[in-house]
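The values are calculated or read from the model by the stated rules, or taken from the named source; none is laboratory data. All of these numbers come straight from a predicted model, not from anything done at the bench. Positions of Cβ are backbone-derived with ideal geometry, glycine not excepted, and every protein chain shown enters the neighbour counts.
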Amino acid sequence: MTDAIGAARIDENLARALIAEQFPQWRNRPVRQVRNGGNDHRIFRLGGNLSVRLPSAPGYVPQVRKEQMWLARLAPALPLPIPVVQGIGEPSDLFPAPWSVYGWMAGEPASVTPVEDWGRFAADLAGFLMRLGEVDAAGAPTPGLHSAFRGGPLEHWDDEMGDILLRVHGRERDLAAGIWRDALAAPFSRPPQWFHGDVSLNNLLVRDGGLAAVIDFGCSGAGDPACDTVFRWTSLHAAARQQFRKDYAVDEATWARGRGWALWKALIMITNKPPGQAEFARHVLDQLFDEA
């Protein structure tokens, strides 16, 4: 039934109708779509303090149930706010998949709003991720399709990497191949721990110039936290990269695997359109190659 998601028109009218159908106590609240709300899910603000989140394709449906089950358990243990489900929407004739109502998260993404002190921002992020990794992971979801295999072994992407290495040339290809070999040679050998899975500036909310909240746990799970180190190379600010490297206290093998994740991400994006994505990927590659 979820195959029909692609045919559904996910807009304000749908969100409004779903609220009226399943949460009549909120039916009179205004609904408006959140611009740049993400690709995996569509987000709508519901009144002043709630939001509606709908998966945009069948592959993202498992993320919905995961967040509904785990976010309320994670939130009390973490030093920064994360989204918490306020209402569990069920599949219906209006929409064939589960969906959620969340509390509204105040702030703007770090990708589009000024940060007062990037060093402090990175230190707060490192502290958040360290605490996330310390939360009891018993029974937590292991890496798989729901996490885009983040948190799992890099070997999953080895065949693809053989192809996308062709997107760089000469000395850069040699450097990239070396980074990938080093990442594969540093396997994760500790008990699984919680990871976020998508630490990007779009998922870090800023308020009053500082890190205010961490959102979008759709790719989270329990496994190898190396995928969360990518901020070191994806941040556009040198002070943030340096502080994050200092305060995110993981071993050198984890940083090596993190370089592999950052390389894979950048090579995937290097030929993407719009051009802004290619420029971002070029920035990440430059950071990686400068260290090599």
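Of note:
- Single condition residue 199 does not satisfy, out of (1) part of a helix (DSSP H, G or I); (2) modelled with pLDDT of 95 or more: (1)
- Residue match in region 13-26 (condition: more than 25 Å from the chain's Cα centre (by Cα) and of a type in the set (Asp, Glu)): yes
- When the residues of region 232-243 are filtered to those that are crowded, with 19+ Cβ neighbours inside 10 Å and of a type in the set (A, V, I, L, M, F, W, C), the one that is nearest to residue 124 (Cα to Cα) is 240.
- Residues in region 244-266 that are of a type outside the set (Phe, Trp, Tyr) and surrounded by 23 or more Cβ atoms within 10 Å (Cβ to Cβ): 257, 258, 259, 260, 262, 263, 266.
- Candidates 82, 88, filtered to the one that is within 25 Å of the chain's Cα centre (by Cα) and surrounded by fewer than 19 Cβ atoms within 10 Å (Cβ to Cβ): 88
- Only one of 64, 52 that is within 19 Å of the chain's Cα centre (by Cα), part of a helix (DSSP H, G or I), closer than 30 Å to residue 199 by Cβ and touching a residue at least 24 places away in the same chain (Cβ under 8 Å): 64
- Given (1) surrounded by fewer than 19 Cβ atoms within 10 Å (Cβ to Cβ); (2) more than 17 Å from the chain's Cα centre (by Cα), number of the condition residue 130 does not satisfy: (2)
- Identity of the residue in region 267-279, surrounded by fewer than 19 Cβ atoms within 10 Å (Cβ to Cβ) and in contact (Cβ under 8 Å) with a residue 24 or more places away in the chain, that ends up nearest to the chain's Cα centre (by Cα): 268
- Considering 120, 29, 42, the condition of being under 17 Å from the mean Cα position of the chain (by Cα) and either without any contact (Cβ under 8 Å) to a residue 40 or more places away in the chain or assigned by TED's automatic domain parsing to the domain that holds residue 200 (or both) is satisfied by 42 alone.
- Test: residue in region 7-18 that is within 19 Å of residue 199 (Cβ to Cβ) and in a loop (DSSP other than H, G, I, E, B): no
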